[in-house]
């Protein structure tokens with residue numbers, strides 16, 4: 001039997017914030033970044049939330065984040081995320097997105113998050129939401145520290161390639177699958193499925209959606225997941241998401257290895 005999946009972008013689709021930039025203050029308190037980095041991150045988040053990010057801005061952010069994290073202790077980053085995620089991310093989850101995720105799960109579809117943010121951020125969020133797989137960008141690690149090399153960038157065509165890999169590995173029929181995102185840079189992701197939907201779209205994606213008669217959803221109600229889900233469902237979500245983290249890491253590394261061999 002064929003299976004279908006629902007693929008979700010994260011920032012401005014599930015979250016009313018940027019998952020990567022939101023941790024600037026905890027990273028500052030943890031001694032990983034400077035005060036000026038916090039200011040730059042806050043400004044970048046303001047621009048991102050106000051108007052989205054085009055290709056050039058995403059590439060600039062990629063280079064900036066790559067340089068910034070070089071030498072960071074991986075265990076420390078994960079500890080900071082684990083300690084602060086409920087304060088930073090939990091209140092910023094769209095209620096409409098949670099309802100949509102539950103709807104797809106009830107229909108028997110796997111739910112997959114694919115985000116350009118690093119796996120150290122994406123996977124814990126995926127755990128909280130109880131998704132089946134959470135795929136984030138993969139950073140090189142050596143001796144417990146980030147090298148600054150980006151092994152797999154879950155952005156643009158990279159997201160579409162990850163979706164193809166997942167479809168091959170897990171038997172998804174992409175023509176009967178769904179995709180949700182806010183950005184024109186994710187057009188390859190939307191083009192890949194039979195049911196594309198623009199969520200809180202930027203101007204370019206809203207125009208494309210109108211031209212192609214794609215559904216457009218405007219989410220506007222951030223809600224605390226702790227109040228949205230009863231405790232037993234939150235515990236079940238974390239248990240389900242733990243296995244997803246392993247799949248996400250394996251996917252990113254495997255895709256990168258194949259890409260290097262064919263490059």
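Values for this structure:
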item	result
Where labels lie 7 Å past Cα in the beta-carbon direction, separation of residue 79 and residue 142 in nm	2.4 nm
Relative packing of peptides 90-97, 72-79 - highest average C-beta neighbours within 10 Å first	90-97, 72-79
Alpha-carbon Debye profile of segment 172-230, log10 I(q)/I(0) at 0.29 Å⁻¹	-1.11
Where the Cα pairs of segment 58-164 fall when distances are cut into 5 Å bins, in %	2, 11, 19, 21, 20, 15, 7, 4, 1
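Read-outs: derived from the displayed coordinates by stated rules, not from any lab. Source: prediction; values computed, not measured. In this analysis, Cβ positions are derived from the backbone assuming ideal geometry, glycine residues included, and neighbour counts consider all displayed protein chains.
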